[in-house]
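Heads up: the structure comes next, in structure tokens.
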Amino acid sequence: MSLGRPTHILRPSKVIGAIKTDGDRLGSIFGVRESSIVGEEEGPAFCPTKKNIQEALKWLVEGSESGDSLVFYFSGHGLRQPDFNNDERDGFDETICPVDFVQEGMILDNDINSTIVRPLKKGVTLHAIVDACHSGTILDLEYIYNPKTSKWDDNSAPSKAQKSTSGGIAISISACEDDQMAADTSYFTGQEMAGAMTYALIQTLDRNKKLTYQSLLNIIHETLEQVNSGSCLKSKLLHKLFHHRIIQDPLLSSSEAFDVDKKEFIL
């Protein structure tokens, strides 16, 4: 998980995989100095426990002002559970899993929304990049971009629960839709396993300095198709489950609708 403000990134290590490399490379793309990137080797306060992640999410938005650009990056495990509040259109809450989730529980999309989406003031922009299973609507944002119709679908809560910002804008790029799994792959590195969407994003941003959101989604999708056509899934179980293909469609969601063909992707 990485949490970025204009000058710092907090980088607790990933549950499984190469989050150090991912976080450092994303930090470079975000323009954050290496000396400002810290990980759990700095001490227990940076271990991605439930409490630490919750505190870090609060830190991310505290004191933010108009003109600030915030980044929440999570690469790890994600699950889903039945929704009992009638605020999910598919009947499930999406979650991220801290390292101690078996003992302390998961972090629900409702809680992420109330912590880093609802407080966003006018002029503040939050980008979330979430590379986890079932991560499609992990921020519970009110609009989902549908690439098939090139329109924004309504994702507001059936219960009419408030999910919007306080004037700012939140944009999320997720590894997959809510009912899909996100794969790890060694396709890009040749050695270490890492999130397929993360590496697709890094490659895209490394090679293209100016992109619209539509272009970004298209290139990430094309890059993941390269993984699909390669021998990147090492697990026999995943081979069986996915029939030798990664079944994941990156999802764009937002607190407000915008023209994805014209709006430039800027962190």
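The values are calculated or read from the model by the stated rules, or taken from the named source; none is laboratory data. Not measured: the values here are computed from a predicted model. Don't worry about glycine lacking a Cβ; one is built from the backbone with ideal geometry, like all the others, and counts go over all protein chains shown. Protein only, heavy atoms only, side chains kept; ligands, DNA and RNA dropped before computing areas. Shrake-Rupley method; radii C 1.70, N 1.55, O 1.52, S 1.80 Å.
Taken over the range 36-51, the criterion of being modelled with pLDDT under 90, outside any loop (DSSP other than H, G, I, E, B) and under 24 Å from residue 113 (Cα atoms) is satisfied by 45, 46. Of all the residues in the range 82-117, those that are within 23 Å of residue 166 (Cα to Cα), within 17 Å of the chain's Cα centre (by Cα) and not polar (S, T, N, Q) number 9. Counting only strands (runs of 3 or more DSSP E) that sit wholly inside the range 52-108, those with at least 1 residues that are acidic (Asp, Glu) and crowded, with 18+ Cβ neighbours inside 10 Å are 92-96. Within the range 170-185, is even one residue without any contact (Cβ under 8 Å) to a residue 60 or more places away in the chain, of a type outside the set (A, V, I, L, M) and open to solvent by 20 Å² or more (accessible area, probe 1.4 Å)? No - not one qualifying residue is present in the range 170-185. Any idea which residue in the range 109-158 is farthest from residue 49 (Cα to Cα), counting only those that are without any contact (Cβ under 8 Å) to a residue 24 or more places away in the chain and outside any loop (DSSP other than H, G, I, E, B)? Among those residues, the one meeting the criterion is 151.
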